[in-house]
Each structure stands twice: as C-alpha cells, then as structure tokens.
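Since the structure comes first, as structure tokens, the remarks are kept for the end.
The values are calculated or read from the model by the stated rules, or taken from the named source; none is laboratory data. Keep in mind that what you see is a predicted model, and the values were worked out from it rather than measured. Every residue, glycine among them, receives a Cβ derived from its backbone with ideal geometry; neighbour counts consider all protein chains shown. When the accessible area is computed, the model is the full protein with side chains, heavy atoms only, and any ligands, DNA or RNA have been set aside. Shrake-Rupley method; radii C 1.70, N 1.55, O 1.52, S 1.80 Å.
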Amino acid sequence: MPQYLLPLLDRWYSFLPWLLVAFVIWRRHGARVALAVLIGGWAIAFLAEWGSVSGPGIPFGVYHYRLAGLRHDWLVFGVPLFDSLSFTWLAYSAYVVLGALGARGPARIVLGALLMVGLDVVVDPVALRGAHWFLGSIYRYPPGTGVWFGVSALNYAGWFAVGLLLQVWLRIWLGETRPGRSLSLGLCWILLAAVFLQGTVLALLLGVGMAAAAAAGVILLCLLAARGLMDAEAAPTGLLIVACALSSEASAARAALPLRWERSRTAWGIRWHSPGAPVEIWVTGMGQAAAARASHAVPPAAAVVVAGIAGGCAAGWELGMVGVAERVLSPAGAWIRLVGEANQSILLSGVGRPCCLASVAEIADGPEQRLALLSQGAELVEMETAAWIESLGPSVVGLRVVLDTPAEPLGEAGALLRLGGRGPSPLLLMRLLLRQPGAVPSLLAVGRRQQVAARALTEALRKALNLLHAGGEPSSAAERGEAAGIG
C-alpha cells in the first residue's frame, strides 16, 4: 500500500465509522443532506480543534499535538484529520440513539451534547496515555492545567459547546427523525457502545478506572432522561398526518379544514401544522424515495392518509373522480391489501370509489405504460403509497383524485415534474416555453383540469378527515369543526 494511504489502516477505528455513518445518512436522507451533515460537521470540529491548538485556546483550552506521533497521519493546518472526523459520527450516533429513546427538540440537543461529554470523560484520559497503547503519544496539555487525570477542565466545557453546535447542525438537516428498529439505529448503538467499552477496558488497564465509572454515570443519566421523555411525551395521541407529494396537493388539503396553518421546513420536506389541532399536512416531494424519507419521521401511533392526484388507467375513471385504495401494487409487482380500520371506514362511508392503485417508481404517463399497469389490474397510478406501506404497514389510507387519463394525458406538463420535486420545475418550464411556445394552450388546459382535481381533493379530504376524527360522518359544520379539533 502506498505510504500516503497508511492512515486509513492505522486509524481505521475513526475512518470506518465515518464511512458507515456517511452511507447511512446518504441512504436515509439523500446525497445533499449527507454532504451537508458531513462537511458541516467536520468544519465545526476542525475549527474548534484548530482554535485550541493554533489559536487562543478556544473552546477546548490550550493543548498541543506532538508532530512526532502524527508523522503517518493526514494533517490539516496541524490538526489530524481522523480526530476531527470522529466528532461527526459520534454526534450523529448520539442524535439518533437519543431520538429513538424519546428525546425531542431542545432536550434532544442538550442530551446529545452531554452524551458526547460523557464519552470524552473516559476517552480523553485514555488518549492522553496513548503512548501505552496503539494510539501513540499524539498530544499534551501545558503543565499544571490538567484537573481530571491530566485533562484540562476547559476541554469538557469545549466538548459541550461543540456538541451543542453539532447537535443543532444535525437537527437542521435531519429534523426530528426518530427511527424505529433499523440498520442505522443498530449501527449507532454499536458505535457508542464500542467507544465506551474500548475506553473502559483501556482505563482499567492504565489505572484510571474512575474515569470509566464517571463516564458510565453521565451516559446512563442521558439515556434514562431520554427514555423518561418518551414516557412523559404527550405526543401525538390521535395525530393524523396527510401526506402529499406536491405543494398543490397540500394546498388542497389545507383548504379542507378551516385552521390557521403554520409552515416549517424539515429534512424530508415541508410540514404544515396548526397549534392545538391533531392534524398535520406533510409535503414530501414526488416519488418512492422522497416518501420513504418522510415515513421514517412519523411519530408512533400516528395515522397516515396518503393523498393527492393520480392518473387513470382503466375506463370509467374521469377527471375529478375520487379513488380510495383497496389494494396497492408495489414497484416490485406485489399486490398489498390495505386493512386498516381507517381505510375501511372511509371505503364504507362512500368518500370515493374503491380502487386498485398502482404505486410506481418511475413516471408512467405514456399510453403503453398505462396499458401495462391495466393488464396487472391497476385502475389508478401514482408514486408514493407503496413507500408508506413498506415503512408503516398496510394500515395507511390511500386517497387519490384523477387528474389525467389515457384519453387526456398530461402531455408536455408531465415533463415538468421530476422525482423528489414538490411541483413543476421553473427551469424546465422556461426551457419548454423557449423551445415550444405552442405548448402554452395545453399547459393552460392542464392547469384548469388541476383546479377541478384540487376542488375534488379538498372535498374528499374534508369528508375523510372529519370522518376519521369523529368516528362517523358529521352532520353539520359545527360537528365537523369539533371533530377536527378546531371547535
């Protein structure tokens, strides 16, 4: 192996976890979020280390790296790369584990920073004695500054400050992601446990076992506090989420209930909520991958209605007709029956016609694609419901309104939509108009049809949402308001 690649082998315990976490974030949240988390996290950690070893000693206090112990490492302005990279995967692991246990909002950020400090309570005393194990003697504190087995007190204040910044950075990009049992959660538990166990074993061998005991106490308090927050969480008993792919669909959903809606941006899209009302509207972006990212953020016990427009495949489905899915065809070609009580209640109430819904992975606007889906038994086609079923099970509700049919396809308008988008692309629209000015009449016609479909979606959701909250069809406007939690 070339000499310049030796750090990958020597410091595998830092680079390998970083690569695994990078892969997990990319798979769960996409490349853009992964790059932002990883680059931003490294920058926060690097600036903190550089400010301590080369600047005014902020935030970790003054300490110095021993260049002789780092001759095989990659250095960035005097800071070893493996060390600054470790902060990011430690912060991500803490964020995911505490979120899974129940911590949310500011409590999750503070507990995440404290958990990182707890790990450093044993990691730094052991690292300071690196000459006695495979780390090597890589840094030192000025004489007389160590108060905890040779480690400066400012070091822990700095860890807490940097931990807070990293947890806030993760919150910005990942939102309140709260994974259930998953590969990413298991990986994060393993990484945290490995760091603690390695530090504990070395601390006992090096005669600083008290550092391991103190670290165990801090870490246990953080985990118990997060678990206590889950037990005390008044969260969303009875919460109903209307999941829409497009902003226009979400607008129609908001019109279904007379609430004061507030908008917030999340890692997976846009969240509309109204204080005190047990209904939220999520705008996830178009396609299976976008829906899957959002589905991981659904709180426990929440009900989900996947709502929006669809394309017709079978005869008898015209513009504005409402379909409620009985069965859903996954992109893999398997039919799944929706068996949730909410779905059955809506079907029995006559909100829409029962339908067989194809949930595809690629845009299926052409007549050949629609015929192929029809041959498999599909009556309507869309692109999100299967991802929600895969994550949450067949208890979701699929409610769709017909926008286009084989006789009246989207045409040029269909080319303006892209996977992951929340509406037509302005850039693609401009390009289309420059190349085909004659497409304006067909675009306007699709716009008029969209208005018809939006009104039908609003009315269908008004009936469906009030039915789900009231347990039956409300008989008056006042009853509908009370059923939605807005009376």
With the label point 7 Å along the Cα-to-beta-carbon line of Ala372 and a cut-off under 16 Å to each amide N, the hits in the range 379-420 are 379, 381-383
Hydrophobic long helices for the chain, i.e. whole DSSP H runs reaching 15 angstrom or more by Cα along the axis with Kyte-Doolittle mean at least 0.0, come out as 12-29, 31-53, 81-101, 105-128, 153-174, 183-206, 209-232, 440-470
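For a Förster distance of 45 Å, can you work out the FRET efficiency between the beta-carbons of Ala43 and Trp335, rounded to the nearest 0.05?
Once the sixth-power term is evaluated, E becomes 0.40.
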Contour excess over end-to-end distance, with Cα ends at Ser137 and Leu221 and 0.36 nm allotted per residue: 27.1 nm
Would you please give the residues with an amide H less than 5 Å from that of Ala358, counting only those at least 5 places away or on a separate chain, with H modeled from the backbone geometry? Leu329, Glu379, Leu380, Val381, Glu382
In the range 242-341, what percent of the accessible surface is made up of carbon and sulfur (1.4 Å probe, ligands and nucleic acids excluded)? 53 percent
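With the other protein chains left in place, how much accessible area per residue, in square angstrom, belongs to the chain at a 1.4 angstrom probe? Could the numbers behind the result be given before it?
On the way: 21480 Å² over 487 residues.
Value returned for the chain: 44 Å² of accessible area per residue.
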Of all DSSP beta bridges with both partners in the chain, the antiparallel percent, nearest 5, is 45 percent
Can you give the extra length, in nm with one decimal, that the chain gains between Gln198 and Phe77 once fully stretched, where that is 0.36 nm per residue apart less the Cα-Cα distance? 40.7 nm
Below 8 Å between Cα atoms, with a sequence gap of 6+, how large is the relative contact order for the range 100-224 in percent? 44 percent
Where labels lie 7 Å past Cα in the beta-carbon direction, separation of Arg66 and Arg418 in nm: 5.3 nm
Within the chain, which is the longest segment containing none of the GluC sites (Glu not before Pro) that sit in a DSSP loop and have at most 16 other Cβ atoms within 10 Å? 1-175
Pop a pseudo-label 7 angstrom from the Cα along the beta-carbon direction at both Trp50 and Ala361 and give the gap in nm to one decimal. 4.2 nm
May I ask you to give the percent of accessible area on the range 50-133 that is carbon plus sulfur, with a probe radius of 1.4 Å? 68 percent
Summing +1 per Lys or Arg and -1 per Asp or Glu among the other residues with Cβ less than 15 Å from Ala48's Cβ gives -4
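For Pro17, what charge total do you get from the other residues with a beta carbon under 14 Å from its beta carbon, if Lys and Arg give +1 and Asp and Glu give -1?
Once positives and negatives cancel, what remains is 0.
How large is the dipole of the chain about the Cα centre if only Lys and Arg carry +1 and Asp and Glu carry -1, each at its Cβ, rounded to the nearest 20 debye?
Working: 35 positive and 29 negative charges, 127 e Å.
For the chain, the charge dipole is close to 600 debye.
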What spacing in nm lies between the two simple spin-label points modelled at Leu19 and Arg455, each 7 Å away from Cα in the Cβ direction? 5.9 nm
Counting only the backbone N, which residues of the range 407-423 are under 12 Å from the spot 7 Å out from the Cα of Leu433 toward its beta-carbon? none
Identify the trypsin sites (Lys or Arg not before Pro) of the range 1-108 meeting these criteria: DSSP loop state and at most 15 other C-beta atoms within 10 Å of the C-beta. Arg66, Arg71
Please compute the Kirkwood hydrodynamic radius of the chain from all pairs of different C-alpha atoms, in Å with one decimal. 25.2 Å
If you add up the charges near Leu319, with Lys and Arg at +1 and Asp and Glu at -1, over every other residue whose beta carbon is less than 9 angstrom from its beta carbon, what do you get? -2
